[in-house]
Every structure is written in C-alpha cells, then in structure tokens.
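One structure is given here, and the rest of the page talks about it.
The values are calculated or read from the model by the stated rules, or taken from the named source; none is laboratory data. A quick note: this is a predicted structure, and the numbers were derived from the prediction, not measured. Methodologically, a virtual Cβ is constructed for each residue, glycine included, from the backbone with ideal geometry; neighbour enumeration extends over all protein chains shown. Each accessible area value is taken on the protein alone, full model and side chains, heavy atoms only, with ligands, DNA and RNA left out. Shrake-Rupley method; radii C 1.70, N 1.55, O 1.52, S 1.80 Å.
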Amino acid sequence: MNKGLAVLFLLLLSSFLSGQTSSGIEVSLDKAEIFLPCHSGIPAKYITCPNGTTINVQIKLPGRMQRAVKYEYLVTGGRIVGKGPKVIWNLSEARPGTYRITVRVFKGSVELTKSVPAQVDVGECPDCNAECLSCPNITIQTADIFVNRREIIELHTTESVDARFRWTVIGGTIIDGQGTDDIKVQIDGNLSADTVLVRVEVLEGGFCFEVGGCPRKSEVSLRVVKLWTSLPSLRK
C-alpha cells in the first residue's frame with residue numbers, strides 16, 4: 001500500500017468510526033432545570049423550588065468504545081468537576097439562562113464521536129419574589145372592653161392561627177390558654193388602676209415573620225368598671 005492510499009484509508013477509517021459511534025453515545029443529565037437560591041431572606045420552608053445548583057452528568061458508550069478513552073467537556077456556563085464518564089456540572093454562579101454542555105470522546109488523538117450537546121435551563125425561583133404569605137389577623141377580641149374586678153373573661157385572636165403565642169396581662173392573671181390563641185383571664189380583685197392591658201405576641205408559625213412581613217404583636221386595653229357605675233342603685 002503506497003503512502004497516498006494509507007492516508008486515504010486512515011481518513012476513511014476515522015470518518016467511519018466517528019459516524020458510526022456518534023449515534024451510540026448517550027449524555028444523561030439528572031436535571032433539565034435548576035433554580036438559583038433566594039437571597040431575599042424568605043424562610044426555606046416557604047420555598048417550593050428544588051434545592052441544588054449542580055447537575056450529575058453521565059456518559060454511556062457502546063461496549064466496544066468504553067476502554068482507554070478520554071472525555072472532554074465543553075460548557076457555555078458553570079464548570080465541570082471531576083473527569084471520566086461521570087462528572088458534576090456546577091452552575092451555582094450562573095445567571096438565569098440556557099446553558100449547553102458538549103461531550104467529546106477520544107482514544108488517543110482520534111475523536112471517536114462527533115460533538116454531543118445537551119442543555120439545561122437555569123432560572124430564578126418564583127418563590128423568591130412571591131408576596132409574603134397571607135398575614136394572620138392577630139387583633140385581640142373580647143366580649144366587652146369593660147370588666148369588673150375578679151371577673152373571669154375570655155380573649156382570643158381574631159383568627160385561629162397554627163402558631164405559639166405568649167400572652168401578657170397587666171392587671172389580671174391568666175388562668176387558662178397560655179401559648180394558644182384563646183385565653184381566660186381573671187381580673188385582679190385589688191386592682192387600683194383604671195385599665196387592664198392585654199398583649200399577645202406570636203412566637204412562631206411562619207407567615208413571613210422572619211422577614212418582617214407580618215405584625216407579631218397586638219394589644220388591647222380593658223376599662224375597669226368603677227364601683228359607682230357597676231352599682232347604679234347606690235348612686236346619689
């Protein structure tokens with residue numbers, strides 16, 4: 001075989017290998033879409049977007065191609081961590097957009113496959129810009145703002161909220177319900193003040209309290225009925 005025929009044979013062989021095996025390679029990504037983490041301070045429990053900005057990449061080759069090969073990865077964003085048929089594509093610093101990864105397989109200096117592209121979409125999690133979760137109405141309600149000394153009254157928040165509360169009563173004693181949204185209070189018998197102050201604070205339960213999106217506290221002043229108003233028959 002002369003030199004010209006040998007060169008032609010190698011070119012044909014290279015073309016044959018490239019064309020034949022390019023359809024046999026498979027590029028597998030464990031995600032087709034990832035979301036960038038939120039930086040707005042929204043608590044993680046309110047974010048429904050999947051976590052993670054890395055993609056597991058796996059290359060599958062036909063059996064006859066798996067020995068003594070070298071892999072080359074070209075990406076339009078992010079970076080490849082590792083080498084071989086299984087690598088990690090890190091897109092933690094990528095901006096929103098569509099990114100492509102191209103895999104090339106070599107044996108020595110001969111490329112066994114044509115370029116095989118795959119792509120992934122990187123976006124912002126819509127939860128990051130969501131409105132704060134509906135705030136609970138924690139206004140304190142009671143049957144009457146006028147109370148008598150030693151009277152037992154009931155107070156509760158406007159809405160029943162799945163949360164833990166801390167009540168404070170100045171001028172009375174909480175006899176039941178501390179920690180819930182409904183309490184019973186007995187007004188002090190020897191109270192000298194004209195008012196009883198009741199305050200409630202939501203300790204937990206979400207509702208974007210962590211980022212200042214909802215009010216945590218509410219309070220109300222109760223008027224203490226004076227003896228002469230509570231016993232009109234004695235008034236002169």
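Observations, loosely collected:
- A single entry from Ser218, Ser230 fulfils the requirement of being more than 28 Å from the chain's Cα centre (by Cα), open to solvent by less than 60 Å² (accessible area, probe 1.4 Å) and modelled with pLDDT under 80: Ser230.
- Residue selected from segment 155-201 under the condition of a type in the set (A, V, I, L, M, F, W, C), in a strand (DSSP E or B) and closer than 19 Å to Pro136 by Cα, by the criterion modelled with the lowest pLDDT: Phe165
- Among the residues making up segment 185-202, those that are buried (at least 16 other Cβ atoms within 10 Å of the Cβ) and under 47 Å from the mean Cα position of the chain (by Cα) are Val185, Gln186, Ile187, Asp188, Val196, Val198, Val200, Val202.
- Selection of segment 84-117 for residues being open to solvent by 20 Å² or more (accessible area, probe 1.4 Å), under 24 Å from Asn51 (Cα atoms) and either more than 26 Å from the chain's Cα centre (by Cα) or of a type in the set (Gly, Ala, Ser) (or both) yields Lys86, Ser92, Gly97, Arg100.
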